[in-house]
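The values are calculated or read from the model by the stated rules, or taken from the named source; none is laboratory data. This is a predicted model, so every value here is computed, not measured. Quick reminder, even Gly has a Cβ in these numbers, built from the backbone with ideal geometry, and neighbours come from all protein chains shown. Note: accessible area is taken over every heavy atom of the protein model, side chains too, but ligands, DNA and RNA are not part of it. Shrake-Rupley method; radii C 1.70, N 1.55, O 1.52, S 1.80 Å.
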Amino acid sequence: MANIRVEDGKILYRKLLKSCELPLDQLRWAYLQHEDVNSKLCCGSYQTEIGRVIVITGDGRKEMFQFESMEEARDLLARIQEAKPDLPVGYTEANRALYEN
């Protein structure tokens, strides 16, 4: 898993060489995104998945955390939910209407 931690009321992560933090109290919505990836190699094809956790902040900013599997993405979302239980989670029409610009 990418080095993303949820501690002290923040999501701590890196963007390139920069250390970043996102306070959990700024989060307004979080959801999972799944993508199947098919790649052709010299000896055949290769299928994998990409899992993403997308969080929306109160000012409308969107942060995306990408993983090589949905299991890792679900784990991060669970840690965020544990740290902020009142956070609306899931890509539903109700959440989308409330939080998407």
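Computed quantities for the displayed model
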read-out: Under-5 Å amide H pairs with residue 11, H placed in peptide plane, nonlocal only; value: 22, 24
read-out: Accessible carbon and sulfur surface of segment 35-101 relative to its total accessible area, %, 1.4 Å; value: 46 percent
read-out: Cα centroid of segment 2-32 to Cα centroid of segment 53-84, whole Å; value: 8 Å
read-out: The chain: relative contact order as a whole-number percent, Cα under 8 Å and 6+ apart; value: 26 percent
read-out: Residue-by-residue Karplus 3J(HN,Hα) for segment 3-20, coefficients 6.51, -1.76, 1.60, Hz, glycine and proline x; value: 7, 10, 10, 10, 7, 6, x, 9, 9, 10, 8, 10, 10, 6, 9, 9, 7, 10
read-out: Answer label for Cα Rg over 2.2 N^0.38 Å (calculated), chosen among (i) 1.18; (ii) 3.35; (iii) 1.22; value: (i)
read-out: Degrees between helix 70-83 axis and first principal axis of the chain (Cα, 0 to 90, nearest 10); value: 10 degrees
read-out: Within segment 1-39: backbone nitrogen closer than 12 Å to the residue 50 label point (7 Å, Cα to C-beta); value: 33-39
read-out: Cβ crowding within 10 Å averaged over residues, with 64-72, 80-88 ranked highest first; value: 64-72, 80-88
read-out: For the chain, accessible area per residue (1.4 Å probe, heavy atoms of protein chains only), Å²; value: 67 Å²
read-out: Estimated [θ] at 222 nm from DSSP helical runs (n ≥ 4, -39500 (n - 2.57)) normalised by residues in the chain, nearest 500; value: -6000 deg cm²/dmol
